[in-house]
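K.L.:
Next up is a structure, given as structure tokens.
The values are calculated or read from the model by the stated rules, or taken from the named source; none is laboratory data. For clarity, every value in this text was computed on a predicted model and none was experimentally measured. Here the Cβ positions follow ideal geometry from the backbone for every residue, glycine too, while neighbour counts run over all protein chains shown.
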Amino acid sequence: NDYTANFEAFLTDKAKGKPFCFWFGCFEPHRIYDEGIGLRNGKKLKDVQVPSFLPDTKEVRTDLLDYYYEIEWFDAHLARILKKLEEIGELDNTLIVVTADNGMAFPRAKTTLYDWGVRMPLAMMWANKIKGGRVIDDMVSHTDFAPTFLEVAGLEIPKEMTGKSL
């Protein structure tokens, strides 16, 4: 999928000078992976660090390489989207939230309450409003995003919301 082209089409179609929200949801890190795509793209079995809860076999290493390749696909499109925002002068004025919807799709990870099932990436940037470079180890839930976005938009957070603005 060409997510960068989707974003560029969105920018072309949106009203000029108006606030916007674009949701870049990437399918690729989800199963089913293109079997062997990691190896075909130069990744090496010897470079894989197999989590201790998985068997260290060629099949598992290959599967992990395929998963890593798919994550890199996401990362490459995210980088292009950020570059486009920079080119149009909107990067510093845009709240960027990067996260995942679940842990990796492997046993003892996705859909479990083990560490690899509940630890997901979360990075946020809003250069004109928030000083960068901080690392916060607090537990965050996706329910915290809605009140955060409402606060950013200057709207009241309904008392019924269980999340807390970040």
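K.L.:
Any idea which of (1) closer than 22 Å to residue 98 by Cα; (2) touching a helix residue (DSSP H, G or I) at 6+ places or on another chain (Cβ under 8 Å); (3) not basic (Lys, Arg) is the one residue 19 doesn't satisfy?
P.N.:
Going through the list (1) closer than 22 Å to residue 98 by Cα; (2) touching a helix residue (DSSP H, G or I) at 6+ places or on another chain (Cβ under 8 Å); (3) not basic (Lys, Arg), residue 19 breaks only (2).
K.L.:
Just for helices (runs of 4 or more DSSP H) wholly inside the range 48-166: which have at least 3 residues that are surrounded by 12 or more Cβ atoms within 10 Å (Cβ to Cβ) and modelled with pLDDT of 95 or more? Show your work before the answer.
P.N.:
Details: elements: 58-87, 115-118, 145-152.
Those helices (runs of 4 or more DSSP H) span 58-87, 145-152.
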